[in-house]
Amino acid sequence: MRRIFITGASSGIGAALALYYARQGDQLALLGRREAVLRALSDSLPVPARNEGDEGISQAVTQAPAHSIYALDVRDRQALHDAAHDFLRDGPVDIVIACAGISVGTLTEELDDFQVFEAVMATNLNATVATFEPFIAAMKQRGHGVLVGVSSVAAVRGLPGAGAYSASKAAVRAYCESLRVELGPSGVKVVTLAPGFIQTPMTAHNPYKMPFLMPADIFAGKAAQAIDGGISYRVIPWQMGWVARLLRLVPDWLYDRVAVRRKRKPRSSAR
């Protein structure tokens, strides 16, 4: 049984990963803003099993509570650290997944969007750092552990109308790469996931075509393979990985001409 800490667990990719790992018999810490949703998710998940002898016969029994829930906003660094230390009190943590994120349209010319920029960067980038902070010392001491950051294919090239999201996800990728090199000699792995279009509430209202759209549960299985393998960087689905490679090769003048016609994600206040 592994112990896994997941932010953004109340919906989307985070919830799909929680279900996947619970089915593997792992013990989870589930973090999100909505306590009722987290509790419902926790109650619906399989619980880890342990073996107990009964007159020499081993049988699987379940224990409750199996999973821990923490209702908080990941932009509250102290609350995030408190949750991490609480989960650590029950034993070492094997995998930490910083999955919380905001995806909204933004325009620099709209002065009110500055606060949205701040919220997106605080949630997508700064909270990733704050999520990892409490676990690194213990993982280094054990010489074992995996830290997982969630970037995006949107990090490859800046998307019009999505400056905050593209910038935040590009920063997550660069940050995780730096951290991977820093921690490499210690035995601690850093995995960066770059989802393409995944069926989640975050993508449900996108007003444009989403090629290679993948169900969240399928994504979770493929992400877990990358995490278990300690893969440094993985685009999911693989078809979007080829798209990302091609986008890097497109000259700026051609990219600008094509991207300017792309439909944009609607602006919204960050919540």
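Yes or no: segment 138-145 includes at least one residue that is within 27 Å of Y233 (Cβ to Cβ), polar (S, T, N, Q), touching a helix residue (DSSP H, G or I) at 6+ places or on another chain (Cβ under 7 Å) and modelled with pLDDT of 95 or more.
For segment 138-145, residues within 27 Å of Y233 (Cβ to Cβ), polar (S, T, N, Q), touching a helix residue (DSSP H, G or I) at 6+ places or on another chain (Cβ under 7 Å) and modelled with pLDDT of 95 or more: absent.
Which one of L254, L247 is surrounded by 13 or more Cβ atoms within 10 Å (Cβ to Cβ), over 20 Å from C99 (Cβ atoms) and over 21 Å from the mean Cα position of the chain (by Cα)?
Details: L254 fails: surrounded by 13 or more Cβ atoms within 10 Å (Cβ to Cβ).
Of L254, L247, the one residue that is surrounded by 13 or more Cβ atoms within 10 Å (Cβ to Cβ), over 20 Å from C99 (Cβ atoms) and over 21 Å from the mean Cα position of the chain (by Cα) is L247.
What number of residues within segment 92-107 are over 16 Å from the mean Cα position of the chain (by Cα), at pLDDT 95 or above and either among the acidic types (D, E) or more than 15 Å from T7 (Cβ to Cβ) (or both)?
1
If you scan segment 173-202, which residues turn out to be surrounded by 15 or more Cβ atoms within 10 Å (Cβ to Cβ), without any contact (Cβ under 8 Å) to a residue 60 or more places away in the chain, more than 17 Å from G241 (Cα to Cα) and not aromatic (F, W, Y)?
C176, E177, L179, R180, L183, S186, V188, K189, V190, Q199
Quick one: V37 ticks every box in (1) among the aliphatic types (A, V, I, L, M); (2) within 16 Å of T200 (Cα to Cα); (3) crowded, with 20+ Cβ neighbours inside 10 Å; (4) without any contact (Cβ under 8 Å) to a residue 40 or more places away in the chain except a single one, so which number is it?
For V37, the failing item is (3).
Say whether the condition of being within 27 Å of R267 (Cβ to Cβ), outside any helix (DSSP H, G or I) and under 17 Å from the mean Cα position of the chain (by Cα) is met by at least one residue in segment 160-180.
The answer is no, given that none of the residues of segment 160-180 is within 27 Å of R267 (Cβ to Cβ), outside any helix (DSSP H, G or I) and under 17 Å from the mean Cα position of the chain (by Cα).
Among the candidates G163, G149, G158, which residue alone is buried (at least 21 other Cβ atoms within 10 Å of the Cβ) and not charged (D, E, K, R)?
Numbers: G163 fails: buried (at least 21 other Cβ atoms within 10 Å of the Cβ); G158 fails: buried (at least 21 other Cβ atoms within 10 Å of the Cβ).
The conditions single out G149.
For segment 69-87, how many residues meet the condition of being under 11 Å from A29 (Cβ atoms) and out of contact with any helix residue (DSSP H, G or I) (no Cβ under 7 Å at 6 or more places or on another chain)?
Number of matching residues: 3.
Out of all the residues in segment 4-13, which are modelled with pLDDT of 95 or more and not aromatic (F, W, Y)?
Passing the criteria: I4, I6, T7, G8, A9.
May I ask you to list pairs of residues, at least six apart or on different chains, whose Cβ atoms are under 6 Å apart, with the first in segment 85-110 being among the aromatic types (F, W, Y) and the second being surrounded by fewer than 22 Cβ atoms within 10 Å (Cβ to Cβ) and part of a strand (DSSP E or B)?
Close Cβ pairs (under 6 Å, with a partner that is surrounded by fewer than 22 Cβ atoms within 10 Å (Cβ to Cβ) and part of a strand (DSSP E or B)) amount to F87/S68.
Scan segment 95-119 for residues that are in contact with a helix residue (DSSP H, G or I) (Cβ under 9 Å, 6 or more places away or on another chain) and either among the aromatic types (F, W, Y) or under 21 Å from L30 (Cα atoms) (or both) and jot them down.
Listed by number, the residues that qualify are I95, V96, I97, A98, C99, A100, G101, I102, S103, F117.
D82: in a helix (DSSP H, G or I), at pLDDT 95 or above and on the phi < 0 side of the Ramachandran plot, yes or no?
yes
The values are calculated or read from the model by the stated rules, or taken from the named source; none is laboratory data. From a predicted model like this one, the values you see are computed outputs, not experimental measurements. Glycine gets a Cβ as well: all are built from the backbone with ideal geometry, and neighbour counts include every protein chain shown.
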